[in-house]
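Below: the structure, in structure tokens.
The values are calculated or read from the model by the stated rules, or taken from the named source; none is laboratory data. None of these values were measured; they are calculated from a predicted model. Quick reminder, even Gly has a Cβ in these numbers, built from the backbone with ideal geometry, and neighbours come from all protein chains shown.
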């Protein structure tokens with residue numbers, strides 16, 4: 001059987017012959033704690049010559065339970081799937097989280113999975129994993145159900161940083177506060193934006209600081225401001241230093257609509273609109289602010305570039 005890299009439901013793996021090792025969770029951000037869970041499934045699959053998979057959910061459960069105030073995701077489902085595959089996962093199952101799925105009784109949850117995935121061998125979750133109707137199930141529930149069905153249940157302890165558990169909630173707070181270095185420490189990699197360059201008003205070029213503009217719209221908005229970043233053309237290996245502004249450009253745009261990401265390379269580049277780039281965020285330099293004139297803005301950008309150059313290693 002050909003194993004799909006990603007699937008929207010269980011049917012893609014229903015005819016699987018090999019043992020299936022399944023990690024379950026939202027895994028938003030695919031941070032260090034998530035990797036501890038997912039890599040356990042990957043290693044078990046490799047040992048048994050089986051298949052590793054991740055069961056994740058879209059939309060986020062909060063869309064169902066708190067539609068007026070849903071969780072703002074760190075990354076879209078497509079980016080999450082790409083990162084999970086990079087860890088070594090064979091297949092990502094993106095299950096629609098709806099009322100029918102949410103209503104499954106906790107004690108019936110594993111039986112439901114086993115019915116959908118007949119070769120299921122083991123389950124991998126975080127120690128704080130909750131599931132089933134009214135989130136009544138926990139790891140103890142999984143273990144009890146797993147014994148009846150002949151399934152192994154593995155739970156990973158929460159990884160801590162500076163004495164506090166790493167969590168997607170904690171990372172969101174760091175991003176919103178502009179504490180990008182702290183967010184990167186928790187993620188275990190550099191927070192990254194990707195997209196295709198679009199044409200802008202070319203004001204940056206007129207004042208001597210041309211920018212690459214990305215129409216990048218995350219759910220969880222990082223703090224508006226100026227950042228030291230590295231960028232590369234997507235698919236390439238070489239990164240180059242830059243200054244990035246994320247925000248609504250209050251000095252030049254009196255009626256901003258959506259925030260934008262503008263990247264000014266410290267050294268000349270020849271990228272054009274339509275080219276795709278990746279931007280790795282490294283350090284917060286200053287908050288976005290409104291200047292009294294374009295001249296003041298130009299002087300501040302020059303200072304920001306000097307600050308960024310001092311950070312290049």
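Scan the stretch 199-210 and tell me whether some residue there is surrounded by fewer than 18 Cβ atoms within 10 Å (Cβ to Cβ), farther than 11 Å from residue 281 by Cβ and under 21 Å from the mean Cα position of the chain (by Cα). Looking for residues that are surrounded by fewer than 18 Cβ atoms within 10 Å (Cβ to Cβ), farther than 11 Å from residue 281 by Cβ and under 21 Å from the mean Cα position of the chain (by Cα), one finds none in the stretch 199-210, hence no. Considering only the stretch 83-94, I want to know if a residue exists there that is free of Cβ contacts under 8 Å to residues at least 60 places away in the same chain, surrounded by fewer than 17 Cβ atoms within 10 Å (Cβ to Cβ) and in contact with a helix residue (DSSP H, G or I) (Cβ under 7 Å, 6 or more places away or on another chain). So far as the stretch 83-94 goes, yes, one or more of its residues are free of Cβ contacts under 8 Å to residues at least 60 places away in the same chain, surrounded by fewer than 17 Cβ atoms within 10 Å (Cβ to Cβ) and in contact with a helix residue (DSSP H, G or I) (Cβ under 7 Å, 6 or more places away or on another chain).
Table: residues versus (1) within 23 Å of residue 111 (Cβ to Cβ); (2) assigned to a loop (DSSP other than H, G, I, E, B).
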| site | (1), (2) |
| --- | --- |
| 12 | yes, no |
| 18 | yes, yes |
| 21 | yes, no |
| 26 | yes, yes |
| 29 | no, yes |
| 34 | no, no |
| 37 | yes, no |
| 41 | yes, no |
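I'm trying to understand the selection: among the residues of the stretch 272-290, which are assigned to a loop (DSSP other than H, G, I, E, B) and surrounded by 15 or more Cβ atoms within 10 Å (Cβ to Cβ)? 288 - this is the single residue of the stretch 272-290 that is assigned to a loop (DSSP other than H, G, I, E, B) and surrounded by 15 or more Cβ atoms within 10 Å (Cβ to Cβ).
Of the residues making up the stretch 215-229, at least one is farther than 19 Å from residue 303 by Cα, assigned by TED's automatic domain parsing to the domain that holds residue 306 and buried (at least 18 other Cβ atoms within 10 Å of the Cβ).
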